[in-house]
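Some notes on the structure that comes next.
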Amino acid sequence: MQNSLDPLLRPKSVAILGASKTKDSVGQWTLKNLKKGGYKGAIYPINPSYDTIQGISCFKSVSQLPETPDLAIFAVSDHRIETLFDEIIEVKIPAAVIFSSLVVDNDKAPTLKERIKEKIRNSGILVCGANGMGFYNVRDSMWACGFDSSDHKPIGNVSLISHSGSGMSGILDCEDRLRFNFAVSTGNELSVTMDQYLNFVLDLPETKAVGLFIETARNPNGFIASLQKAKEKKIPIVALKVGKTEKSAQLTVSHSGAIAGDDDTYDALFDLYGVQRVRDTEELVASLMLFSEFGVLGDGHLVALHDSGGERQLLVDLAHENNVPLTELHSSSVKDLEKIIDPELPAINPLDVWSRGGPNSSAQYSESARILLADPGAAIEALILNRAPYGKIYPSYIDLMKKTHEKTGKPVILVSSHQGSGYDSEVVEQTHEGYPILDGVSPTLVAIRNLFNYRNFFKRNKDQLSCDVPANINDHIDTLKNNPILGEYDALKLLADFGISVVKNKYVDNQEDTIKAALEIGYPVVLKTAKKNINHKTENNGVILNITNESLLVKAYRDMEKRIGSEVIVAKMIEGGQEMFLGVRRDPQFGPIILMGLGGIYAELFDETVFAIPPFNQSYVEERMNHLKSKKVLGGFRGEVLDVQSFYECASRFSFLIKHMENEIKEFDVNPLILTSDGCIAVDALIIAETRK
């Protein structure tokens, strides 16, 4: 299949600017890697100091080449790049690889990097880099890398796209259990961005899993489109996202503007498209190993077999910490195990099968492993058995894996409690045959959790809640255009028009109307200032609660009128229930992101918020809220049965409101919503309009 990146990633001919005989130089390794990777096209070394390099004729300059190559690889220092870059543009070479950082001493504005970027923009040339380590198109025998490398045999099934050069090579050249069809260090992405490489590898027929080492998405729309493509093709993506930032401490007008950092947006984005996030390269490698061998897992949970009681207990603890569900064995499985294992051992999952040893131990292992994995609640089995001396694998363990899989048809992996197998030839061979052998219980459990999460991702309820757009929507849009900040009254009216229940309230600006409003609404009421530019009413003593009669109301109004002003809102006092929170802030890359969580004292106690990209249905709200440790508060924790479903509906409707008005709204707080046994009602709200340039 043809791709727009073919001149870069599948060139018919390559020129190496700065090809060299100097040992271990970039110019030497670039040519060596092209030959090592088995490149079949024409190679043109360019260096006026040589006639031949590594047995290939060398040319003085680009202008002397017998043809215009598809790709130019720069193996020269930064101070020579600009002149040579002009030369390749002049002869219309369509693609280039730049390893260097494009930084020179005593540079002037615009800097070298800015100048090269402008040349790229004007010429349309495809560039990998700068400040990267190139790429390995293993499947097409095209290696464009200027550094030492291990061997890579086609055709693999894993693609790795990394903003970090060492993040790429540290995995690619140090882990033979993964078979790569493509790997790239994208660097500064002056031209080609991560999403374009991702789109390329998703079209490769062998790709079964993709790993991302990502700092930021430089082309957000393209990144989203590629994630959608992976979702549709059911190709799992595992992302190691670096550059987490602390939640902003900067004082902002709305609560939402301060509570969500950029990293929270990526969490929401990854969740929306089924991307599995990991914390380090160990978890990345383990996850890619299992995804590349097993794809989308079948139903059920994890069963594990051990030869150690202590390590069995450790697995239980680590599985709990990593949210990996363990299979509760069926009663028939328990009975079958009790017939086989020694009587002092409990027939449970995870299972410790080693006690007395002796002549029956082999049968105990094989039958126990089969019974565990044959259980109707088992999706995958981990044989957690430590390595032999010198870090080797006992042949009997491999035999146990194979026989267990043959008898059950389900995935089996072998895991040790400690690292050390990545280059063991037997480990590599068995992993490639579909019997993965992993190191370390924690990264393995993360990988298994990712398998479960990815499987469950495709089981989500995809039905969308229909949400009619109110007929007067343009009135709200006009109001936002004319007011940079909308206070409680206007914000609640917008919510109500989208079908979200709001507290009974009325805006008034004199004592007589205040009294009338309280009678219409019904005591007890709340009195709030509606003075413009006072967005945090409580901090300005602009809220008076639980006013139960006219006398108290008049007293409260006169006090507020004197201190702040005559404009007030009279609202029904909502008693009891649980405070909830909805908000939105605009991510600079991906647009609006919605925040959800508990309000009141629980917000301070748990400091938890979940994030989601609009729009979404009620089931998705429930799923996201289940990530909160504080979620148990909503399940009658205090003896009050709350109508939690009404919050899910409210949040879903809010998501459609935000999606429909994403060009008008920058920040939106609905805080609090009061959740009771009768429903969910918005009590206060604030909108910050999107600034128009």
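The values are calculated or read from the model by the stated rules, or taken from the named source; none is laboratory data. Computed from a predicted model, the values in this text were never measured in an experiment. Quick reminder, even Gly has a Cβ in these numbers, built from the backbone with ideal geometry, and neighbours come from all protein chains shown.
Scanning region 579-616 for residues that are closer than 30 Å to Ile515 by Cα and surrounded by 23 or more Cβ atoms within 10 Å (Cβ to Cβ) gives a single hit, Met580. Tallying residues that are of a type in the set (A, V, I, L, M, F, W, C) and surrounded by fewer than 18 Cβ atoms within 10 Å (Cβ to Cβ) within region 374-410 yields 1.
With respect to Asn181, determine if the residue is modelled with pLDDT under 95 and not in a helix (DSSP H, G or I). In short, no. If you go through region 511-538 and keep only what is part of a loop (DSSP other than H, G, I, E, B) and more than 48 Å from the chain's Cα centre (by Cα), you end up with Gly522, Tyr523. Picking from residues in region 41-64 that are touching a helix residue (DSSP H, G or I) at 6+ places or on another chain (Cβ under 8 Å) and part of a loop (DSSP other than H, G, I, E, B), the one that is farthest from Glu87 (Cα to Cα) is Gln54. Per the conditions (1) in contact (Cβ under 8 Å) with a residue 40 or more places away in the chain; (2) not in a helix (DSSP H, G or I), the sole criterion not satisfied by Glu561 is (2). Which one of Asn323, Asn386 is touching a His at 6+ places or on another chain (Cβ under 8 Å), assigned by TED's automatic domain parsing to the domain that holds Asn450 and not basic (Lys, Arg)? Among Asn323, Asn386, only Asn386 is touching a His at 6+ places or on another chain (Cβ under 8 Å), assigned by TED's automatic domain parsing to the domain that holds Asn450 and not basic (Lys, Arg).
Given the options Ser141, Ser123, Ser149, name the one that is assigned by TED's automatic domain parsing to the domain that holds Val14, without any contact (Cβ under 8 Å) to a residue 60 or more places away in the chain and either buried (at least 24 other Cβ atoms within 10 Å of the Cβ) or not aliphatic (A, V, I, L, M) (or both). Show your work before the answer.
Values: Ser141 fails: without any contact (Cβ under 8 Å) to a residue 60 or more places away in the chain; Ser149 fails: without any contact (Cβ under 8 Å) to a residue 60 or more places away in the chain.
Within the list Ser141, Ser123, Ser149, the selection yields Ser123.
Residue under question is Glu567, and the condition is that it be under 25 Å from Ile681 (Cα atoms) and acidic (Asp, Glu); does it hold?
Working: under 25 Å from Ile681 (Cα atoms): yes; acidic (Asp, Glu): yes.
When the stated conditions are applied, Glu567 passes them.
With a requirement of 3 or more residues that are at pLDDT below 95 and within 21 Å of Glu406 (Cβ to Cβ), the helices (runs of 4 or more DSSP H) lying completely within region 282-381 that satisfy it span 361-374.
Going through (1) more than 14 Å from Gly146 (Cβ to Cβ); (2) in contact with a strand residue (DSSP E or B) (Cβ under 7 Å, 6 or more places away or on another chain) one by one, Gln2 falls short only on (2). It is to be established whether one or more residues within region 98-107 are surrounded by 13 or more Cβ atoms within 10 Å (Cβ to Cβ), closer than 22 Å to Val138 by Cβ, without any contact (Cβ under 8 Å) to a residue 40 or more places away in the chain and of a type in the set (D, E, K, R). There is no residue in region 98-107 that is surrounded by 13 or more Cβ atoms within 10 Å (Cβ to Cβ), closer than 22 Å to Val138 by Cβ, without any contact (Cβ under 8 Å) to a residue 40 or more places away in the chain and of a type in the set (D, E, K, R).
The rows are residues; the columns are (1) over 26 Å from Phe458 (Cβ atoms); (2) surrounded by fewer than 21 Cβ atoms within 10 Å (Cβ to Cβ); (3) touching a helix residue (DSSP H, G or I) at 6+ places or on another chain (Cβ under 9 Å).
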position	(1), (2), (3)
Tyr648	no, no, yes
Cys680	yes, no, yes
Asp684	yes, no, yes
Glu690	yes, yes, yes
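The number of residues in region 196-216 that are within 16 Å of Gly132 (Cα to Cα) and either in contact with a Ser or Thr (Cβ under 7 Å, 6 or more places away or on another chain) or assigned to a loop (DSSP other than H, G, I, E, B) (or both) comes to 4. The single condition from (1) touching a His at 6+ places or on another chain (Cβ under 7 Å); (2) on the phi > 0 side of the Ramachandran plot; (3) not charged (D, E, K, R) that Gln54 fails is (1). All of Leu582, Leu553, Leu527 fail the test of being in contact with a helix residue (DSSP H, G or I) (Cβ under 7 Å, 6 or more places away or on another chain), assigned by TED's automatic domain parsing to the domain that holds Val644 and modelled with pLDDT of 90 or more, apart from Leu582. Output yes when any residue across region 170-181 is surrounded by fewer than 21 Cβ atoms within 10 Å (Cβ to Cβ), charged (D, E, K, R) and free of Cβ contacts under 8 Å to residues at least 24 places away in the same chain, and no when none is. So far as region 170-181 goes, no, none of its residues is surrounded by fewer than 21 Cβ atoms within 10 Å (Cβ to Cβ), charged (D, E, K, R) and free of Cβ contacts under 8 Å to residues at least 24 places away in the same chain.
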